[in-house]
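For reference, the structure discussed in these notes is given below.
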Amino acid sequence: MLKTVLCDLLGIKYPIIQGGMAWVSTWELAAAVSEAGGLGIIGAGNAPADFVRDQVRKTKERTTKPFGVNIPLFSPYVDDVVGVCIAEGVPVVTTGAGSPSAIIPPLKAAGIKVIPVVASVALARRLERLRVDALVAEGMESGGHIGDVATMPLVPQVVDAVKIPVIAAGGFADGRGLVAALALGAVGVQMGTRFICTTECYVHPNYKEKIVRSGDRATITTGHSLGHPVRAIRNEMTNEFAEMEKKGISEEDIIAFGTGKLRLAVIEGDVVHGSVMAGQICGLVNDIVPVAVLLERIMAEAEQILDRLTLLRK
Ligand SMILES: Cc1cc2nc3c(=O)[nH]c(=O)nc-3n(C[C@H](O)[C@H](O)[C@H](O)COP(=O)(O)O)c2cc1C
């Protein structure tokens, strides 16, 4: 059976991580992914510590397998959420949107595995020196907040730059992607967009349908003028956002316009005026299936591809 060092590092069956997603990856999805053999991750987003504590406890009630919490470093509650992760014995913490150097020491001291998401070789090198356990190298094909290097060039460059395990993210949805990531030197994949279209993910059905119906060129990036580009499916909201950036509207007004838009799509199901964050891989996401079915399918496909590739050696 296909296993990598990621399985040993995290105590999971399959080398597949469900990326933390603000508003989207609540305990229902995280617990389902962990229970099915991957690593499920609760997205702490900007939520206060009480909310995260409740999510962690519900996950622990549903599964005894390892899971994680993702802490975006722009959250006003970073320190409190770190405290919750330590107090609740969360096995893994991933971080996004910045450098987590300040929170690595307390998390490591508590025995928590720390896996930051990076979008550049420079940050990967810096974080390896701070003794993180692994890195997620996330390309700009991804949904949500992104860097500016694509997955294909980023992953092997990060792999070559560090000695710790590297997980590839951005543009993965099936067994082909998993094998490709392994070929680039990664020890597994982190997927976001693909996991949104599962029955256990609690986002509004309109959000899932929007992804299923989208093709390869459906996404757009906005927020470059703010220094925080975001990838989402093109709609009235992204068009208006892009227009405001083009007209040079003040940063303050653009931020005010964007606030609450992810929630509007995820909770209210308004996929016209809300932000439907998703990656370029949305064109390959064609169904909504239970997490366990998805993971089994990806692994079976990856095994078949590996067999087929072996036959290429004459
Ligand atoms: C709706 C949405 C919300 C996300 N929120 C976060 C987040 O809060 N923190 C984070 O580190 N990454 C976040 N991400 C990125 C994912 O964790 C993951 O790395 C990314 O989706 C991988 O690319 P893919 O969408 O091509 O699978 C988000 C992605 C999506 C689609």
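In region 70-79, of all residues being in contact with a helix residue (DSSP H, G or I) (Cβ under 9 Å, 6 or more places away or on another chain) and within 21 Å of VAL24 (Cβ to Cβ), the one that is surrounded by the fewest Cβ atoms within 10 Å (Cβ to Cβ) corresponds to LEU73.
Among the candidates SER25, SER34, single out the residue that is under 12 Å from PHE195 (Cα atoms), polar (S, T, N, Q) and either in contact with a strand residue (DSSP E or B) (Cβ under 8 Å, 6 or more places away or on another chain) or more than 16 Å from the ligand (Cβ to nearest atom) (or both). Give the steps one after another, and end with the answer.
Working: SER34 fails: under 12 Å from PHE195 (Cα atoms).
Within the list SER25, SER34, the selection yields SER25.
Within the set of pairs 6+ apart or on separate chains, which have a first residue in region 226-252 that is in contact (Cβ under 8 Å) with a residue 60 or more places away in the chain, a second that is open to solvent by 80 Å² or more (accessible area, probe 1.4 Å) and not in a loop (DSSP other than H, G, I, E, B), and C-beta atoms under 8 Å apart? Listed pairs, sorted by first residue: HIS228/HIS145; PRO229/HIS145; VAL230/HIS145.
If you check ARG194, ARG217, ARG263, ARG231, which single one turns out to be basic (Lys, Arg) and in a loop (DSSP other than H, G, I, E, B)? Full working, then the answer.
On the way: ARG194 fails: in a loop (DSSP other than H, G, I, E, B); ARG263 fails: in a loop (DSSP other than H, G, I, E, B); ARG231 fails: in a loop (DSSP other than H, G, I, E, B).
Step by step, each of ARG194, ARG217, ARG263, ARG231 is checked, and only ARG217 is basic (Lys, Arg) and in a loop (DSSP other than H, G, I, E, B).
When the residues of region 137-178 are filtered to those that are within 11 Å of the ligand (Cβ to nearest atom) and β-branched (Val, Ile, Thr), which remaining residue is surrounded by the most Cβ atoms within 10 Å (Cβ to Cβ)? My answer is ILE167.
Could you check region 125-134 and list, in sequence order, the residues that are more than 18 Å from the chain's Cα centre (by Cα) and open to solvent by less than 60 Å² (accessible area, probe 1.4 Å)?
Initially, region 125-134 is screened for residues more than 18 Å from the chain's Cα centre (by Cα), giving 125-131.
Result: LEU127, GLU128.
Yes or no: GLY45 of a type outside the set (A, V, I, L, M), within 12 Å of the ligand (Cβ to nearest atom), closer than 15 Å to TYR202 by Cβ and in contact (Cβ under 8 Å) with a residue 24 or more places away in the chain? When the stated conditions are applied, GLY45 passes them. Kindly indicate whether LYS58 is away from the ligand (no atom under 15 Å from the Cβ), surrounded by fewer than 24 Cβ atoms within 10 Å (Cβ to Cβ) and not in a helix (DSSP H, G or I). Here the answer is no, as LYS58 does not meet what is asked. The single condition among (1) assigned to a helix (DSSP H, G or I); (2) open to solvent by 70 Å² or more (accessible area, probe 1.4 Å); (3) modelled with pLDDT under 95 that ASN239 does not satisfy is (3).
When you go through VAL84, VAL93, VAL33 one by one, which is the residue that is outside any loop (DSSP other than H, G, I, E, B), crowded, with 22+ Cβ neighbours inside 10 Å and touching a residue at least 40 places away in the same chain (Cβ under 8 Å)? Break it down into steps so the answer makes sense when it comes.
On the way: VAL84 fails: touching a residue at least 40 places away in the same chain (Cβ under 8 Å); VAL93 fails: touching a residue at least 40 places away in the same chain (Cβ under 8 Å).
None of the other options fit; the residue is VAL33.
Yes/no matrix, rows are residues, columns are (1) in a helix (DSSP H, G or I); (2) surrounded by 24 or more Cβ atoms within 10 Å (Cβ to Cβ); (3) in contact with a Phe, Trp or Tyr (Cβ under 7 Å, 6 or more places away or on another chain); (4) not acidic (Asp, Glu):
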residue	(1), (2), (3), (4)
GLY89	no, no, no, yes
LYS108	yes, no, no, yes
PRO116	no, yes, no, yes
LEU123	yes, no, no, yes
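Of the residues making up region 98-124, just one is among the charged types (D, E, K, R) and either under 15 Å from GLN190 (Cα atoms) or under 20 Å from the mean Cα position of the chain (by Cα) (or both), namely LYS113. Go through (1) within 12 Å of the ligand (Cβ to nearest atom); (2) at pLDDT below 95 for ALA102 and report which single condition fails. Going through the list (1) within 12 Å of the ligand (Cβ to nearest atom); (2) at pLDDT below 95, ALA102 breaks only (1).
For region 266-304, what are the residues that are part of a helix (DSSP H, G or I) and crowded, with 20+ Cβ neighbours inside 10 Å?
Result: VAL266, GLN280, ILE281, CYS282, VAL291, LEU294, LEU295, ILE298, MET299, ALA302.
The values are calculated or read from the model by the stated rules, or taken from the named source; none is laboratory data. Predicted model, so just to flag it, every value in this text is computed and none were measured. Backbone-built Cβ (ideal geometry, glycine too); neighbour counts: all protein chains shown. For the accessible areas, the whole protein counts, side chains as well, though only heavy atoms, and no ligand, DNA or RNA atoms are used. Shrake-Rupley method; radii C 1.70, N 1.55, O 1.52, S 1.80 Å.
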